[in-house]
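Notes follow the structure.
Every read-out reported here was derived from the displayed coordinates using simple, explicitly stated rules and does not represent laboratory data. Here the structure is a predicted model, which means the values were calculated and not measured. Here the Cβ positions follow ideal geometry from the backbone for every residue, glycine too, while neighbour counts run over all protein chains shown.
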Amino acid sequence: ETVKKCKETLKIGKCDINIKLDWCRGHSNITGNEYADYLAKKGIESESRLSVGAPPSYIKKVIHEFFFYEWCSRYKDDQLMKHTHRMLKKQKSKTTQLSRQNMSLLVQAYTGHGPFLAHLSKWKNIDGICNICMEEPQSADHLINRCPSLSYERHQFMQEEDEDLRILKFMKCSKMEKIISDNFNIV
């Protein structure tokens, strides 16, 4: 079977070299085979081992897991990010696999640092109250979770089990895109 696979591989590679492969019984006094046996035994008895190292994919995975663990520890112990803790109860490593644009939207939603009137009013002379419902400050938390004017849009994405995906879909709906665009134009 092994010889057959080797022959097929050589045919696929279209080698111009004429190579003849045959299976031969081990330890049968065939010239060349004895030398192969000798090298195999010497390799087993040798104390020096050839190290091929870890594959790059494994190294990347270990590094990613290390930094994710460190970030989770810092996040859990940090008392300053109350808004983010309210929005992001559990950390997820797959969040780091999002596109740059989606990651930006998600970070704005989780941190509240984005085109939300409550945030913009901290350094601009504008009213931070939600200009859609006029009930409370227009924060990311308010728009995503409570604004009565966005209840229909919120309901559309409630069935989504993945919280990140639910928030992303909500942030990308046409009404939210208009709110974000209008808020950028205010500034």
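This ranking places Asp164, Asp78 by how few other beta-carbon atoms lie within 10 Å of each, fewest first, which gives Asp78, Asp164. Once backbone amide H atoms are built at 1.01 Å from N, Ile129 has Gln138 as its partners under 5 Å, excluding neighbours fewer than 5 places away on the same chain.
Footprinting exposure proxy ranking of Val62, Val107, fewest other C-beta atoms within 10 angstrom first, gives Val62, Val107. The simple spin-label model puts a point 7 Å past each Cα toward its Cβ; for Cys72 and Met158 those points are separated by 3.1 nm. Could you name the aspartates and glutamates whose alpha carbon sits less than 18 Å from that of Lys11, not counting residues in the same chain fewer than 8 places away? Within the straight-line cut-off, Lys11 pairs with Glu1, Asp22. Take the Cα of Asn18, step 7 Å toward its Cβ, do the same at Ser121, and the gap between the two points is 9.0 nm. Backbone N atoms of region 96-136 closer than 18 Å to the 7 Å Cα→Cβ label point of Ile63 belong to residues 96-98.
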